[in-house]
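In what follows, a structure is listed as structure tokens, so that the remarks can point back to it.
The values are calculated or read from the model by the stated rules, or taken from the named source; none is laboratory data. Fair warning: this is a prediction, and the values are worked out from it, not measured in the lab. Every residue, glycine among them, receives a Cβ derived from its backbone with ideal geometry; neighbour counts consider all protein chains shown. Side chains are part of the model used for accessible areas, which takes the heavy atoms of the whole protein and leaves out ligands, DNA and RNA. Shrake-Rupley method; radii C 1.70, N 1.55, O 1.52, S 1.80 Å.
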Amino acid sequence: MKLRPLGDRVVIKKIEAEETTKSGIVLPGSAKEKPQMAEVIAIGPDVNRDDKVVLNVGDKVIFSKYSGNEVKLDGEEYTILNLSDILAVIE
Amino acid sequence: MKLRPLGDRVVIKKIEAEETTKSGIVLPGSAKEKPQMAEVIAIGPDVNRDDKVVLNVGDKVIFSKYSGNEVKLDGEEYTILNLSDILAVIE
Amino acid sequence: MKLRPLGDRVVIKKIEAEETTKSGIVLPGSAKEKPQMAEVIAIGPDVNRDDKVVLNVGDKVIFSKYSGNEVKLDGEEYTILNLSDILAVIE
Amino acid sequence: MKLRPLGDRVVIKKIEAEETTKSGIVLPGSAKEKPQMAEVIAIGPDVNRDDKVVLNVGDKVIFSKYSGNEVKLDGEEYTILNLSDILAVIE
Amino acid sequence: MKLRPLGDRVVIKKIEAEETTKSGIVLPGSAKEKPQMAEVIAIGPDVNRDDKVVLNVGDKVIFSKYSGNEVKLDGEEYTILNLSDILAVIE
Amino acid sequence: MKLRPLGDRVVIKKIEAEETTKSGIVLPGSAKEKPQMAEVIAIGPDVNRDDKVVLNVGDKVIFSKYSGNEVKLDGEEYTILNLSDILAVIE
Amino acid sequence: MKLRPLGDRVVIKKIEAEETTKSGIVLPGSAKEKPQMAEVIAIGPDVNRDDKVVLNVGDKVIFSKYSGNEVKLDGEEYTILNLSDILAVIE
């Protein structure tokens, strides 16, 4: 089974971060909940509009942690979110 | 009796998921309420605009769990929601 | 006396549902308040725009239960709502 | 003194309804506060745009009860509201 | 010193109403706070757009009581508000 | 060091008002917090669009007291706000 | 590893301000939380649209303190925010 996202939605799979917070650093305000890394699994037909490539399947991305909807398929957890919830690509 | 949705609305019928949460996994935040699977029963005239096929009757889809309006017709429960509440098609 | 709705408003008359909830079924969340059936009494001039027939007087429709404004005329209760609050036509 | 409403505003004068609620009827939810009848006193220049007559002075209308601003002029109470707060004309 | 309002803003000077509420009348809801009268002192360049005169300096107007920002200049109190907060002109 | 505001932002420097409230005057509601005077220090490239001069550096302006972001540069306090938060120019 | 921001997003690195508040100054209201300085690390493809240079990598900027999402990469803390959250460039 595969997920085909609609519109400008993107299916991602979260990458667990092994990083540990360096002791002594106090993150201000909402920053304690940092965005997460994920791998792009599938992209909707409106993501790369007008032949302008914005995202590719396999890209590592940073996204807003609490955005999107989680869905489990074949025992795997995915997140479906809007392109606008993806902040940056990690190169 | 049949439902003919208006505009870009879609009539779906929920598919009960038999999956059980794998013990030991703690889902963060609102993710505990996962989107659900459904089958597309009827689509409004604006869903497949400009000859661009987005959805077909019979498609299995993932939708946001709390979106839409439930309606009972001939003893069957349906949900009427906007196309924008459908996240992805399962292929 | 007759009601002539303005813009894309629709005057409907609710149809009391005789259906009783089948015992044992627990409807999740807001779904307990189900949309209702109604008959279209009058439609505003912007409902069937550009010669595209969306609704006809006499149609049986499903609408969001808490939308619209109720009004009593000649002892009869009507509801005036926007076309966007009508979810589907029952055929 | 006369009121000349700006834009798509309308000046109305409420008509007190003599109707009494038929005993035994329980109106659900917000429906207890029903819209009211009023007579159109003056209309702004944008109400009947593009030679399309929407409202006339003297029309009896139904409007959303809590919309608009009340103003007293020469001892008379008027309400100034937007055209969009007028639901229907009574014919 | 003079105030030159920007955009579609209007500078007005409130007119104290000598009217007293006629005893015995109970105004429903938010209507107890009635709009006020004012005189137009200055108008921004976008008020009378496209040679369409909407307001003139010296007009007596009705405006929403709590809209706008009060400012004191040379010991006089003025209110600066948007054209959209002016409901009607008194003629 | 100088601040170059982006878009339609404006950098202003507040002018302390020496005025004292005339005793005995009770300002209604939110009016107790009056807008303030400031001098325009720098203007973004979109403020005077299409060769239409709206503001000049050095203008004395009235602005909404709680709008904008304060910033300290070289020991001086400035406020950066949107053009839409500037209500009027004092001439 | 490098961050490539999408759309009109900007990656910045905060500059710790050594400034100390001059004693005796009371900052009114929300102004106690002042915007911060940062250096522009990377800019999305829509920041300098239509050959109009708005920002360059290396620019020192003022931004709204609580806007944006913080992300840690290779042990360094970055903030990803929208161009609209950048208030001014320091020259």
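Worth pointing out:
- Yes/no for F:S64 being more than 29 Å from G:V53 (Cα to Cα), in contact with a helix residue (DSSP H, G or I) (Cβ under 7 Å, 6 or more places away or on another chain) and at pLDDT below 95: yes
- Against the numbered list (1) within 30 Å of A:K52 (Cα to Cα); (2) more than 8 Å from every other protein chain (Cβ to nearest Cβ); (3) modelled with pLDDT under 95, G:V26 comes up short only at (1).
- Residues of the range B:50-74 that are touching an Asp or Glu at 6+ places or on another chain (Cβ under 8 Å) and either away from chain C (no Cβ under 14 Å) or open to solvent by 10 Å² or more (accessible area, probe 1.4 Å) (or both): B:G58, B:D59, B:K60, B:V61, B:S64, B:K65, B:Y66, B:S67, B:G68, B:E70, B:K72.
- Single match in E:K60, E:K65, E:K52 (criterion: free of Cβ contacts under 8 Å to residues at least 24 places away in the same chain and not polar (S, T, N, Q)): E:K52
- Search result, residues across the range C:51-77 that are farther than 17 Å from B:V71 by Cα, within 14 Å of the chain's Cα centre (by Cα) and assigned to a strand (DSSP E or B): C:N69, C:E70, C:V71, C:E77
- Close contacts from the range D:69-84, counting a first residue that is free of Cβ contacts under 8 Å to residues at least 40 places away in the same chain and a second that is part of a strand (DSSP E or B) and surrounded by fewer than 20 Cβ atoms within 10 Å (Cβ to Cβ), with Cβ to Cβ under 7 Å and a gap of 6+ residues or different chains, come to D:E70/D:E77.
- Screening G:I86, G:I12 for residues that are modelled with pLDDT of 95 or more, under 21 Å from A:A88 (Cβ atoms), buried (at least 18 other Cβ atoms within 10 Å of the Cβ) and more than 10 Å from chain F (Cβ to nearest Cβ) leaves exactly one candidate, G:I12.
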